Amino acid sequence: VRLKAAEPQAKLLFALTSPSLCDPTGDGCVVDLNNQAAAIMRRHSVPTVDLHDAIVKECGPANAHSACWGLPGCFCPHCNEGGTMQGYDWLAATVIVPALTALLPNE
């Protein structure tokens, strides 16, 4: 709220946390905390980008043997392995950059 008042021209975007794909119990906590954060952001009119849902849609739900893109441990909770369009590269290109681009004015 203070940032929006001090810098009204600023564009804010809150990223909801990515999943912990190898730990279903821990991922349940992530979902709960993401829901709480999303409610707070809605209350303050701050848009969110949902990293968790995007990854789960691409990789499947949390399970003890998760191997997104065939990479064991990917998004458990981090995924800096892999090649082009895998892990963080995929997340940035298909989720984060489009969300940031949508905030920019069309010129």
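The values are calculated or read from the model by the stated rules, or taken from the named source; none is laboratory data. This structure is a prediction, so every number in the text was calculated from the model and none was measured. Reconstructed Cβ throughout: ideal geometry from the backbone, glycine too, with neighbour counts over all protein chains shown. Just so you know, the surface numbers come from the protein's heavy atoms only, side chains and all, with ligands and any DNA or RNA stripped out. Shrake-Rupley method; radii C 1.70, N 1.55, O 1.52, S 1.80 Å.
Check segment 32-39 and report whether any residue there is over 13 Å from the mean Cα position of the chain (by Cα), of a type in the set (D, E, K, R), farther than 22 Å from LEU3 by Cβ and not in a loop (DSSP other than H, G, I, E, B). Within segment 32-39, one or more residues are over 13 Å from the mean Cα position of the chain (by Cα), of a type in the set (D, E, K, R), farther than 22 Å from LEU3 by Cβ and not in a loop (DSSP other than H, G, I, E, B). LEU100 meets the conditions (1) open to solvent by less than 80 Å² (accessible area, probe 1.4 Å); (2) in a helix (DSSP H, G or I); (3) at pLDDT 95 or above in every case but one. The failed one is (1).
Applying the condition of being open to solvent by 50 Å² or more (accessible area, probe 1.4 Å) and either part of a helix (DSSP H, G or I) or β-branched (Val, Ile, Thr) (or both) to segment 9-31 and asking which residue is nearest to ASN63 (Cα to Cα) yields PRO24.
Quick check on ASP89: is it of a type in the set (Asp, Glu), under 18 Å from PHE14 (Cβ atoms), open to solvent by 40 Å² or more (accessible area, probe 1.4 Å) and assigned to a helix (DSSP H, G or I)? Walk me through it before giving the result.
Numbers: of a type in the set (Asp, Glu): yes; under 18 Å from PHE14 (Cβ atoms): no; open to solvent by 40 Å² or more (accessible area, probe 1.4 Å): yes; assigned to a helix (DSSP H, G or I): yes.
For ASP89, the condition - of a type in the set (Asp, Glu), under 18 Å from PHE14 (Cβ atoms), open to solvent by 40 Å² or more (accessible area, probe 1.4 Å) and assigned to a helix (DSSP H, G or I) - is not met.
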